[in-house]
1. Would you call Phe74 out of contact with any Ser or Thr (no Cβ under 8 Å at 6 or more places or on another chain), part of a strand (DSSP E or B) and without any contact (Cβ under 8 Å) to a residue 24 or more places away in the chain?
2. Please name all residue pairs, on different chains or six or more residues apart, with Cβ atoms under 8 Å, provided the first residue is in the range 44-62 and is over 15 Å from Glu107 (Cα atoms) and the second residue is surrounded by fewer than 13 Cβ atoms within 10 Å (Cβ to Cβ) and among the charged types (D, E, K, R).
3. Among Ile98, Ile49, Ile85, which is the only one that is exposed (fewer than 13 other Cβ atoms within 10 Å of the Cβ), among the β-branched types (Val, Ile, Thr) and out of contact with any Leu (no Cβ under 8 Å at 6 or more places or on another chain)?
4. May I ask you to list the residues in the range 2-39 that are closer than 11 Å to His76 by Cα, assigned to a loop (DSSP other than H, G, I, E, B) and not aromatic (Phe, Trp, Tyr)?
5. Quick check, is Arg42 under 19 Å from Ser97 (Cα atoms), basic (Lys, Arg) and not in a loop (DSSP other than H, G, I, E, B)?
Amino acid sequence: MKEITDLINKSYVTDSCWSFCRDAFKLFDIELPALPREGLVRLPKDKIIIPAIVLFQCGDDWHCGVMWPDGLHFIHANDEDGKFIIRHERITRHPWSILVEGFYTHE
C-alpha cells in the first residue's frame with residue numbers, strides 16, 4: 001500500500017479514473033479489463049473484499065475508485081480543472097454515500 005499512500009493529494013498522469021484503478025490493481029498483480037465492468041463481478045455490500053472497485057453513478061456519468069483496506073475509505077483520481085489529483089476519502093460522507101452504485105472485483 002505504500003506506493004498508493006505516497007500518491008495521496010498529488011497530481012497523477014492518467015486519462016481517466018478507470019485508468020487509475022487499473023494502475024492500482026496492478027500493485028496487487030491483477031490486470032483489470034480495458035473497459036469498466038468487463039470481467040468484473042458485483043459484490044454484496046456486506047461482503048466487500050480487498051481489492052475492490054467502488055462505482056459511483058453521477059447523473060448520466062459515472063466515477064470509480066479503489067476501496068481502502070479499512071472498508072470505510074476509497075482512493076480515486078479526482079478530475080480537478082482538467083488535472084487528476086489522487087484523493088483518499090470516506091465512502092460514508094456526502095456526496096459519495098448517495099452516489100454508490102456498487103462494489104466490484106475481478107473475475
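Read-outs throughout are calculated quantities, based only on the coordinates presented, and are distinct from any laboratory measurement. Please read all numbers here as calculations on a predicted model, not as lab measurements. Cβ atoms come from the backbone with ideal geometry, glycine included; neighbour counts cover every protein chain shown.
1. So Phe74 passes the test.
2. none
3. The match here is Ile98.
4. Correct list: Leu7, Ile8, Asn9, Ser16.
5. Criteria met by Arg42.
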